[in-house]
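Notes for the one structure printed next.
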Amino acid sequence: MLRYVVQRLLFAVPLIFGVLTLTFFIIRLAPGDPAAFFIQPGVSPNVAEQIREQYGLNDPVYIQYVKWLGNILQGDFGRSFSRAQQPVVEVIAQAMPVTITIALLTLVANFLLGIAIGVISAVRQNSLLDRVLTVTGLFFYSMPEFWFALMMIILFALKLPLFPASGLNTVGAEYYGPFGFFLDRIWHLVLPVTVLSINGAAGIARYVRGSMLEVIRQDYIRTARAKGLSERVVILKHGLRNALLPVVTLMGASLPFIFSGALFIEVIFAFPGMGRITVDAIFARDYPLIIATTFISGTLIILGNLLADVLYAVVDPRIRL
């Protein structure tokens with residue numbers, strides 16, 4: 001197993017490097033440059049030229065690439081053009097906890113809700129409840145997350161002001177005390193996590209239902225029932241445990257989708273996470289920050305796929321051969 005993981009990690013290194021190189025050249029194809037961000041009414045045009053000269057933006061692209069590559073190999077992502085020359089690493093360090101919190105909460109909610117719905121649908125196969133859950137799941141599974149987020153804001157933040165529409169905390173929440181601050185943060189996370197988890201749980205529920213239907217038809221399930229075990233023990237202990245083996249591999253595969261969904265949700269709910277700073281960096285042509293966010297996103301996606309591959313290898317040892 002260790003050899004398999006090391007091989008996958010070694011394969012991921014050139015993949016991440018290729019993504020960063022591609023990003024470096026693509027963002028320079030867009031019109032404008034970071035110097036244009038500093039051009040304001042009343043500011044001399046010479047200021048933009050001085051900025052281009054200072055940051056080497058007048059150099060040929062291949063010269064810029066060589067300089068950038070040398071800095072990246074030293075772990076230096078540079079300084080943000082649009083954030084008062086703040087080191088890019090500091091900008092990422094401030095935004096990353098928000099995105100990771102949303103992604104982890106969504107991952108837990110996805111599997112808890114999806115497994116529960118899938119098991120109920122399988123046990124009540126072809127019943128009215130099964131049909132309702134299946135149709136409802138397909139409805140939410142096919143719904144665009146950004147549209148669903150907007151509808152949730154309109155309904156539960158504007159029409160029925162039950163939850164806040166934006167921000168991580170209420171203004172002045174730091175005066176609520178540690179516990180009050182924590183509850184206020186959770187209250188602000190309800191809508192975005194709900195939007196992300198409902199969509200993902202609908203897909204997981206389909207896998208769980210199919211896997212459970214296959215397991216509960218096995219001979220050992222009939223044997224367990226013949227021994228007089230309660231239906232709850234048969235389903236939860238003997239059926240669900242085996243039905244979740246193929247579903248466990250979805251955990252790693254779902255991480256990239258959860259992370260990418262969190263980026264869009266952060267923009268809609270005005271969260272100071274990776275999604276928000278990525279969008280701001282793109283509009284500001286902030287090359288160092290764009291490359292850094294691409295690196296983080298690509299790394300997390302690759303690690304998610306690696307986790308999925310490892311879980312596949314754990315469930316089915318033939319993959320390691």
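For the reader, a short list of remarks on this structure follows.
- Computed from the alpha carbon atoms alone, the convex hull of the chain holds 195 Å³ per residue.
- Charge dipole (Cα centre; +1 on Lys/Arg Cβ, -1 on Asp/Glu Cβ; no other charges) of the stretch 95-221 amounts to roughly 280 debye.
- Prolate/oblate/rounded call for the stretch 45-88, Cα gyration tensor, a/c under 1.5 rounded: oblate
- Between Arg232 and Phe11, residue separation times 0.36 nm minus the direct Cα-Cα distance comes to 75.1 nm.
- Hz values of 3J(HN,Hα) by residue in the stretch 290-297 - Karplus curve (6.51, -1.76, 1.60), Gly and Pro given as x: 4, 5, 5, 5, 5, 4, 5, 4
- Arg241-Gln86 FRET efficiency (beta carbon distance; Förster radius 35 Å; 0.05 resolution): 0.10
- Backbone geometry of the stretch 73-79 corresponds, through the Karplus equation with coefficients 6.51, -1.76 and 1.60 at θ = phi - 60°, to 3J(HN,Hα) couplings of 5, 8, x, 9, 8, x, 10 Hz, x marking Gly and Pro.
- Other-chain or far-sequence residues with amide H under 5 Å of Arg79's (modelled H): Val88
- Look at the alpha carbon pairs under 8 Å that are at least 6 residues apart: their mean separation over the length of the chain gives a relative contact order of 28 percent.
- The slack between Tyr220 and Asn46, meaning 0.36 nm per residue of separation minus the straight C-alpha distance, is 54.6 nm.
- Prolate/oblate/rounded call for the stretch 67-200, Cα gyration tensor, a/c under 1.5 rounded: prolate
None of the figures in this text is laboratory data; all of them are computed from the coordinates on show. Computed from a prediction, not measured in an experiment: that's the story for all the values here. Ideal geometry is used to build each Cβ from the backbone, glycine not excepted, and the neighbour counts take in all protein chains shown.
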